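Report on one structure; see the data block that follows.
The values are calculated or read from the model by the stated rules, or taken from the named source; none is laboratory data. Keep in mind it's a predicted model, so treat the numbers as computed, not measured. Backbone-built Cβ (ideal geometry, glycine too); neighbour counts: all protein chains shown.
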Amino acid sequence: MSILFTQNWEIIPGSEDEYAQFITDRYIPETTDQGFYPVGGYYVEVGFGPKTVAVYAAENLTKLTDVVSTAKFKELTLTLKSLVYNYVSGVYEPTGNVKRNGYSIQKGVWKFNQYYDLKPGVKKEYADFIISEHIPAMKKLDYLEVTGGWNVLFGGFSEIIAEFTFKDPIDIGRLLNNEDFRRVTLRLRNEYVINYKSRIMRCTERFDEPRWFKL
């Protein structure tokens, strides 16, 4: 299973052209050469910021650690930070509740993600609820994909992320108005979690095109 590394930021006004050239010419190719694989670039349309989101995958935590500890990666990150602000990074491992072989590049999609922390002492009850009620309710809806559940190892905004993928943003509205979704989300928030928040994100341009990140 893939380990995800995410970076969130805002572009410093006036730095757009320099930022675009750096990302295209250096950041993506040089991080990929070290063993990172770009699997998503997103812009937050609704929800908390920062608004730009880059997602990379590594084969395992050891490989991720090997990459981020290199002088090359540190230099690239420092250069990136000179062009952006509100920089936040995170490392995530799969919860295991959603079975998939890997996490591949996703293009032309929209995301609805839920972020939250567990209440103390409810870990087992929460896991039972997710497996027996929450995921089955979502999988009944044919207009979304239950893409993943992630435990936050380092950084990020919360302890857990639930990730849903849509081909059409209209379907996110259908989800938010769905009675089953409202029911399980209300129970999730009332009984098991705190600090709940969510984001709607759209995929940016294709990774095999220059300026995939341009918003």
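Observations, loosely collected:
- Any hit, segment 150-161, residues being assigned to a helix (DSSP H, G or I), of a type in the set (Val, Ile, Thr) and assigned by TED's automatic domain parsing to the domain that holds Ser198: no
- Residues in segment 3-43 that are more than 23 Å from Val152 (Cβ to Cβ) and of a type in the set (A, V, I, L, M): Ile11, Ile12, Ala20, Ile23, Ile28.
- Any hit, segment 19-29, residues being closer than 30 Å to Gln114 by Cβ, at pLDDT below 90, in a strand (DSSP E or B) and aromatic (Phe, Trp, Tyr): no
- Being among the acidic types (Asp, Glu) and under 26 Å from Thr6 (Cα atoms) is not true of Glu191.
- Considering segment 136-161, the residues that are under 20 Å from the mean Cα position of the chain (by Cα) and more than 24 Å from Arg202 (Cβ to Cβ) include one that is surrounded by the fewest Cβ atoms within 10 Å (Cβ to Cβ), namely Phe154.
- The residue pairs whose first member lies in segment 36-56 and is free of Cβ contacts under 8 Å to residues at least 60 places away in the same chain and within 26 Å of Thr70 (Cβ to Cβ), whose second member is among the charged types (D, E, K, R) and in a strand (DSSP E or B), and whose beta carbons are closer than 6 Å, counting only pairs six or more residues apart or on different chains, are Pro50/Glu10.
- A Cβ distance below 7 Å, combined with a sequence gap of six or more or placement on separate chains, defines the contacts here; from segment 61-79, residues that are in the same structural domain as Ile23 (by TED's automatic domain parsing) reach residues that are outside any helix (DSSP H, G or I) and of a type in the set (Phe, Trp, Tyr) in the pairs Leu64/Phe5; Val67/Phe36.
- Residue pairs meeting the criteria (Cβ under 6 Å; at least 6 apart or on separate chains; first touching a residue at least 60 places away in the same chain (Cβ under 8 Å) and more than 21 Å from Gly108 (Cβ to Cβ), in segment 136-150; second among the β-branched types (Val, Ile, Thr) and part of a strand (DSSP E or B)): Trp150/Ile161
- Within segment 162-182, the set of residues being in a helix (DSSP H, G or I) and exposed (fewer than 14 other Cβ atoms within 10 Å of the Cβ) comprises Ile170, Gly173, Leu176, Glu179, Arg182.
- Applying the condition of being at pLDDT 90 or above and part of a strand (DSSP E or B) to segment 30-53 and asking which residue is nearest to Phe5 (Cα to Cα) yields Val53.
- Within segment 62-86, tally of residues that are of a type in the set (A, V, I, L, M, F, W, C), surrounded by 13 or more Cβ atoms within 10 Å (Cβ to Cβ) and in a helix (DSSP H, G or I): 6
- Scanning segment 152-175 for residues that are in contact (Cβ under 8 Å) with a residue 40 or more places away in the chain, over 12 Å from Tyr115 (Cβ atoms) and not charged (D, E, K, R) turns up Leu153, Phe154, Gly155, Phe164, Thr165, Phe166, Pro169, Ile172, Leu175.
- Test: residue in segment 39-51 that is in contact with a helix residue (DSSP H, G or I) (Cβ under 9 Å, 6 or more places away or on another chain) and surrounded by 13 or more Cβ atoms within 10 Å (Cβ to Cβ): no
- Gly96 meets all of the listed conditions (1) at pLDDT below 95; (2) in contact with a Leu (Cβ under 9 Å, 6 or more places away or on another chain) but one, namely (2).
- Conditions (1) crowded, with 16+ Cβ neighbours inside 10 Å; (2) closer than 28 Å to Glu159 by Cβ: number failed by Gly96: (1)
- Failed item, numbered, when Tyr103 is tested on (1) among the aromatic types (Phe, Trp, Tyr); (2) at pLDDT below 90; (3) farther than 22 Å from Gly148 by Cβ: (3)
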